[in-house]
1. Among the residues of segment A:215-234, which ones are more than 8 Å from chain B (Cβ to nearest Cβ) and modelled with pLDDT under 90?
2. Within segment A:372-387, is there a residue that is open to solvent by 10 Å² or more (accessible area, probe 1.4 Å), modelled with pLDDT under 90 and of a type in the set (S, T, N, Q)?
3. Look through B:Gly307, B:Gly322 and report the one residue that is small (Gly, Ala, Ser), more than 28 Å from B:Ile144 (Cα to Cα) and in the same structural domain as B:His255 (by TED's automatic domain parsing).
4. Any idea which of (1) among the hydroxyl-bearing types (Ser, Thr, Tyr); (2) within 14 Å of another protein chain (Cβ to nearest Cβ); (3) crowded, with 22+ Cβ neighbours inside 10 Å is the one B:Thr200 doesn't satisfy?
5. Take the residues in segment A:115-150 that are within 30 Å of A:Phe349 (Cβ to Cβ) and crowded, with 24+ Cβ neighbours inside 10 Å, then tell me which one is farthest from the other protein chains (Cβ to nearest Cβ).
6. Looking only at segment B:238-248, how many residues end up being modelled with pLDDT of 90 or more and at the interface with chain C (Cβ under 9 Å from one of its Cβ atoms)?
7. Could you list all residues from segment C:47-67 that are part of a helix (DSSP H, G or I) and either under 48 Å from the mean Cα position of the chain (by Cα) or exposed (fewer than 12 other Cβ atoms within 10 Å of the Cβ) (or both)?
Amino acid sequence: MRYDQYMEEVKKSNLNAQRAKKRAGIQEDITTAEKKMKLVDDTIQTLRKEADQLAKDAEKKQDFTLLSKSNAFRKKATEKQEEHKSLKKKIQQLRDKLKEMLLADFTSATILISFGAVLGKTSPLQLILMAFFEVIFSLVNEFIAVEYLGTTDIGGSMYVHTFGAYFGLSVSLLVTRQAGRESPKEGAVYHSDLFAMIGTLFLWIFWPSFNSALGDDDQRHRAVLNTYFSLAACCVTTFAISSLLSKKGKFDMVHVQNATLAGGVAVGTAANLMIQPWGAILIGVVAGVLSTFGYKVIQPFLCEKFGLHDTCGVHNLHGMPGILGGLGGIVACALASEAVYGDSLPDVFGDRFEDPPADSTAKAPIEVRDAGQQALMQLAALVMTLAIAIVSGLFTGLILRCVPGLDALSDEKVFEDEYFWEEVEAADSSHATTGYHMVQQRAPAEVEAEEGTPHTETYTKNGKQEGEAQV
Amino acid sequence: MRYDQYMEEVKKSNLNAQRAKKRAGIQEDITTAEKKMKLVDDTIQTLRKEADQLAKDAEKKQDFTLLSKSNAFRKKATEKQEEHKSLKKKIQQLRDKLKEMLLADFTSATILISFGAVLGKTSPLQLILMAFFEVIFSLVNEFIAVEYLGTTDIGGSMYVHTFGAYFGLSVSLLVTRQAGRESPKEGAVYHSDLFAMIGTLFLWIFWPSFNSALGDDDQRHRAVLNTYFSLAACCVTTFAISSLLSKKGKFDMVHVQNATLAGGVAVGTAANLMIQPWGAILIGVVAGVLSTFGYKVIQPFLCEKFGLHDTCGVHNLHGMPGILGGLGGIVACALASEAVYGDSLPDVFGDRFEDPPADSTAKAPIEVRDAGQQALMQLAALVMTLAIAIVSGLFTGLILRCVPGLDALSDEKVFEDEYFWEEVEAADSSHATTGYHMVQQRAPAEVEAEEGTPHTETYTKNGKQEGEAQV
Amino acid sequence: MRYDQYMEEVKKSNLNAQRAKKRAGIQEDITTAEKKMKLVDDTIQTLRKEADQLAKDAEKKQDFTLLSKSNAFRKKATEKQEEHKSLKKKIQQLRDKLKEMLLADFTSATILISFGAVLGKTSPLQLILMAFFEVIFSLVNEFIAVEYLGTTDIGGSMYVHTFGAYFGLSVSLLVTRQAGRESPKEGAVYHSDLFAMIGTLFLWIFWPSFNSALGDDDQRHRAVLNTYFSLAACCVTTFAISSLLSKKGKFDMVHVQNATLAGGVAVGTAANLMIQPWGAILIGVVAGVLSTFGYKVIQPFLCEKFGLHDTCGVHNLHGMPGILGGLGGIVACALASEAVYGDSLPDVFGDRFEDPPADSTAKAPIEVRDAGQQALMQLAALVMTLAIAIVSGLFTGLILRCVPGLDALSDEKVFEDEYFWEEVEAADSSHATTGYHMVQQRAPAEVEAEEGTPHTETYTKNGKQEGEAQV
């Protein structure tokens, strides 16, 4: 992995740490509360039984003292009922607080995605400020989408991937200098490619748990399966398309590292819905084609035509697949009927139903929004996400560009680690750094070219430099 | 990891994706079904209680209307009983469908193992065709072994490892050209060794869950423990043997990367049986010795005498340990008595027992096959696996060799990535490729030798080439 | 990762394997036993009900035969009660045996930490002997601390990290030769740094499960959360401090690889206590500062002044944060009141409570040690751990130094893999080895300097050597 990515790691932790502070309640005992509740419930049962028994006896023996006794029991039971309710509420609160932690991770993911578009072209200070703004804007977007529009997006295709990608791209549009677009130092080499693959493996393995983290029971179960199906289908497709798009039918590591994951992004919104395996696989296939095509064709085009430079190609892995995921969610919501979901419909689409009024005899939740309306809301959320991401991204980019003292990168600092990372060798810096260029960015020949020292000289006169250059 | 392995990754996904399509049912609600069943069961209980109560009263008051009422209740309960059965059946079906997914992964593992024997000597097209045939043959073998012979092999020592290894070796015997056997490009270098170690770590960590995935409750529990014990013992043994087999008492990375995992392979069949920790450790120790000895002595011998070339040494890590696992399973099955397993015997050895006839009063399952017979069946499965693997492997190898248009590798393409992977550097291919040789296969000195350019010249005349060569 | 670490891996497995042998009981069925117990309990219930019913009838009909019958039932129930107890005991034993396995892993961790202080300066034989002694001493320490002092340390801040670090440092003090302190071969290069980061990621991801492994229910739950909070806070702090301590405000990979984990170490003792997220975060922040400062300032100071050489800086990642964890535990124990912990106090602090005497009517456990006393005990355990670790470490170091035939490293063998690992290239050893130096330790220029061959010569006369040197 590239060093920069650890700078992202720190941001991620940062966010979690900040939110963690607000989460004292978590530490209380969920299970203790549950035990208490069980006790209360048992008491209620016993009281009611006793009351019934007494009532019967009272009737039999026509004894009114017994009857009053029975009523007393019933009254106690009703009191206990209150205790039951408050405990239930408390447990729910504790559970919600745990979900907050997950949401913190989701927000971190959003930030990391955005960073992907500007890495190597921004300073740590700029990244920190960027993260600060993005946390606010992305949560505003998510809050409106969830609380007001009542939309569902368990894997964050919209709130996380789409928002992160287009926010980052908007920032990149404003902060990228010409030097960043055409730097010879950008790009991978054999080893950094292999390192990146390890990252890909981690993401592949943990993606199902990411998409299913916010679900319960069957929804989580489905989210894991659908994500797995989509990822598998996407992985196959990517290899095929990568080879098809190549002149000599070769595979491209960039596609293998990135596009193979697009299926996980694209199935995010619909992961917990009953889209059936064929649905998940279809999404994965389309995502694989879209993402690979993006890396091969769309990204270079955007960079050339609009100067939109995207270091890690987040537009191909998160942007377009994210939108695809949003669309998939719209379709899945439009098709969600009780015939398919059975009793679980209200659980899955909480916002489509309301609890029956207390006085009514009906127990089943009442439908207040049909499938079509839900689909429209999903569409609204997707459009809003794009709008907020782009506008707030441009706003943030403007700030990063104009605010002084953010240590913005001059041309020679672009895509260089040496300015932000201690050299590995304790030895004299410039050389170890030479070593860095090589492994990370380009061939030492270029280094020397830059340094204007013919190679042979370097060797005879300064073995050490080339020495480290070979590291 | 080597690039080739990602070509395997894609196959794996491929298989899963294909099977996934057939698995619509999965999406339905297991837990919902379970809730329903609980409701039904409660109803049955209540109906029966009511019926009993009514019967009593009827008797007391000699009231026949009550009696008939009671019978009505009983009848309802019997009807509900049917509903209970159908629900139970449905839940079982959903569970089975999930197991299918696991089996898909197992089959993928089989394919990946076989690939290990032919990597670097086959084209992507050949690998795809090979996977196609192996899926069929390996599943035929597994089907017969499980359905007809009623054998157990929870970790796939026989169905997965033994089959995969000998199928791959048979293919290799027919597709490997002389150039593949003596290519100077084969072999690891410092970095590829470290990458491979990361793969070893992943496998070590996830092996217990692989061996236990198909078990339930205690069986899963035992499988995890036994696999862990066997792996640990094997890991220790491998280091010791590796040092003992070396002239200067040095450790060999090839052994550390591979033989340390042999314990996981060898305990596969018996993992869920009560072999006790000492049994698991014994298996691990023998596997470690066998595997290390295989890499050091047997593999070179086979290659020299029979021209049997085994790129990743699958014979040492999967072939021999797999057979060892099969034998271990035979012994474990022969020793399986009710004295040791108690009530769980029928759960563990489902094929040794039958449900009692409906009319019989006996409730316990009836033993239809004793431990000895089970052991014999296990032996039969092991022999059959070897037979089918070798025959179908030779058949597949013949096809890969003879069918035209499969893009079979010419001598110079053997163990070269450049023909199937885009170079990392956008720069002119030959150079980036030079970079590849180096890191992956051999020293640049050889590269130059090949290219017939004395080294100093390379430097003075063409810094760039050597430059990338140093990456 | 460095090759040496796999030598540690083998030790770890070794220990587990040894202990595993003693653990036959595990294989028995926990769940089967639990099922049996459930049956027994049901029987008891039914018997009692029957008895009550009979007693009532007896009273009503004044029938003494019924009464005796009822008593017979009660007697049976009491007998069954015994069976219930024995089963419960058996299940507990099985559970304890599982915990033994975890403790084996913990001890392995202790050994691995100690190895970190002497890696590259000791021979495999010395490491094995060192492990042998440390297992004994560390378990003696843990036994006294847990059984006699009744202290708590779920994540092993004291028993594992503090002990391991100071034991290893004491050994290092006696086994490190001058050559080891000033070897030019020590230190990382770009690639080994990235490999180490992968190790850091693994540790970061699995640390919460390590700290929570020994807890149950809420305690495990809290341990996971607290560890996560502490790690996150520590990660942020480390980046900040690393940059602050650098002249040019650069980040240092050594800090990122190590100090980012210090939070996991420091929260170990208090992880399962109700320290609230702010407590966990505070611990993480302090740990990050302490650890980074240790790498930057304390470690060089100790090496210079006292010749205390610490290869992996275990003092900074495990030693000081471990002590910090011990102190954190003391505070957390001092503040542990029933007001905060509610009913769970006796579960969390088992040693502060005793079961009420059988004859007493009270059911709640009786407090025998107050929070202050517990805190004192924790302090005692911390001091004892330091004392035993240092004394036994010096003792072990003396043995490693004096006992002949342990293959102690001569000056030129220090920080060299080639003497204990087969070269990667089958080619002539010296060259491949040259390759090793490079990637692992230093620039080839140094190699040549050492070998006294001017660079150009190397090239013209012996391309191959430089060739592999470039690997």
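The values are calculated or read from the model by the stated rules, or taken from the named source; none is laboratory data. Not measured: the values here are computed from a predicted model. Every residue, glycine among them, receives a Cβ derived from its backbone with ideal geometry; neighbour counts consider all protein chains shown. Each accessible area value is taken on the protein alone, full model and side chains, heavy atoms only, with ligands, DNA and RNA left out. Shrake-Rupley method; radii C 1.70, N 1.55, O 1.52, S 1.80 Å.
1. Within segment A:215-234, A:Gly215, A:Asp216, A:Gln219, A:Arg220 qualify.
2. Checked against the condition, which is being open to solvent by 10 Å² or more (accessible area, probe 1.4 Å), modelled with pLDDT under 90 and of a type in the set (S, T, N, Q), segment A:372-387 yields no hits at all.
3. The match here is B:Gly307.
4. Failed condition: (3).
5. At the first step, the residues of segment A:115-150 found to be within 30 Å of A:Phe349 (Cβ to Cβ) are A:134-150.
Checking the rest, the ones that are also crowded, with 24+ Cβ neighbours inside 10 Å come to A:134, A:138, A:141-142, A:145.
On the way: A:Glu134: 17, A:Ser138: 19, A:Asn141: 24, A:Glu142: 21, A:Ala145: 25 Å.
It comes out as A:Ala145.
6. To start, the set of residues in segment B:238-248 that are modelled with pLDDT of 90 or more comprises B:238-246.
If we keep only those that are at the interface with chain C (Cβ under 9 Å from one of its Cβ atoms) too, we end up with B:238-240, B:242-243, B:246.
Residues in segment B:238-248 being modelled with pLDDT of 90 or more and at the interface with chain C (Cβ under 9 Å from one of its Cβ atoms): 6 in total.
7. As a first pass, look at segment C:47-67 and keep what is part of a helix (DSSP H, G or I): C:47-61, C:64-67.
The answer is C:Lys60, C:Lys61, C:Phe64, C:Thr65.
Let's see how each residue does on (1) surrounded by 24 or more Cβ atoms within 10 Å (Cβ to Cβ); (2) modelled with pLDDT of 95 or more; (3) more than 9 Å from chain C (Cβ to nearest Cβ); (4) not in a helix (DSSP H, G or I):
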position	(1), (2), (3), (4)
B:Ala259	yes, no, yes, no
B:Val265	yes, yes, yes, no
B:Gly284	yes, yes, no, no
B:Ser291	yes, yes, yes, no
B:Glu304	no, no, yes, no
B:Asn316	yes, yes, yes, no
